[in-house]
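The values are calculated or read from the model by the stated rules, or taken from the named source; none is laboratory data. All of these numbers come straight from a predicted model, not from anything done at the bench. Cβ placement follows ideal geometry from the backbone for every residue including glycine, while neighbour counts extend to all protein chains displayed.
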Amino acid sequence: MTDVDFWFDPSCPWAWMTSRWVDEVAPHRDLNVTWHIMSLYVLNEDKDVSESYRAKLPRTLRYARLVTAVGELRGQQAVKPLYDALGARIHPGHRKDADGVIAEALEEVGLPAEYARYADSDEYDVQLRASHADGIDRVGQDVGTPVIAVNGTAFFGPVISPTPRGQEALTLWDGVVAAASYDGFFELKRSRTRDPIFD
């Protein structure tokens, strides 16, 4: 069994793509994945970002707050199903109506409708920020979501599109984990040539 920690913001399409890849790999590499919240809102609250991007951040915070609250109230086992339900609507579903997305996702996973109030509550912001900091502290301040830690070795990404499947997914996993396991390995990058391709 390989312990994997995965930090995500439900609103990030790149984290969504990477999470589908981890789902593909998990049964073949015997992964024990723990899902943690990150926040694009927290990541960018002190950064100089475009006004159009900043306008989207309050919606991202709502989803992150909801997932954090559900994790605190229902435990780790409730986090991934809620992420899947939210993400399917946000990303391949291209939904922007946060209230509808939240209500439908809660219903899908069998959680009380009244949990929707946590999307607009700062009740669990301390825990949200602590989870976010835990992920970022492992990889540094100049990255984003997702962050993956494999047996304690953490890295940002990979940023992938479309999600690889089958042997291609396993080959990529083995290569990424091997590269990240070298203590002196820091960065491998090329410019993105496509947007997220959801399947």
* To do: Working only within segment 156-171, note down all residues that are over 18 Å from residue 12 (Cα atoms) and of a type in the set (S, T, N, Q).
  => 167, 171
* **helices (runs of 4 or more DSSP H) completely within segment 12-96 that count 1 or more residues being touching a residue at least 24 places away in the same chain (Cβ under 8 Å) and surrounded by fewer than 18 Cβ atoms within 10 Å (Cβ to Cβ)** => 13-29, 51-74, 79-90
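Hey, could you check segment 79-94 for residues that are of a type in the set (Gly, Ala, Ser) and more than 12 Å from the chain's Cα centre (by Cα) and say which is farthest from residue 107 (Cα to Cα)?
Pass one, segment 79-94, residues of a type in the set (Gly, Ala, Ser): 85, 87-88, 93.
Imposing the further condition that a residue be more than 12 Å from the chain's Cα centre (by Cα) reduces the set to 85, 88, 93.
On the way: 85: 9, 88: 14, 93: 17 Å.
If we take residues in segment 79-94 being of a type in the set (Gly, Ala, Ser) and more than 12 Å from the chain's Cα centre (by Cα), then 93 is farthest from residue 107 (Cα to Cα).
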* Structure fact -> Flagged in segment 107-155 as over 23 Å from residue 15 (Cα atoms), part of a loop (DSSP other than H, G, I, E, B) and either touching a residue at least 12 places away in the same chain (Cβ under 8 Å) or under 18 Å from the mean Cα position of the chain (by Cα) (or both), in numbering order, are 111, 121, 122, 123
* Please find, within segment 164-197, the residue that is nearest to the chain's Cα centre (by Cα) out of those that are at pLDDT below 95 and among the acidic types (Asp, Glu). => 195
* Candidates 169, 180 - the one that is in contact with a helix residue (DSSP H, G or I) (Cβ under 9 Å, 6 or more places away or on another chain), within 24 Å of residue 33 (Cβ to Cβ), of a type outside the set (Lys, Arg) and buried (at least 19 other Cβ atoms within 10 Å of the Cβ) -> 169
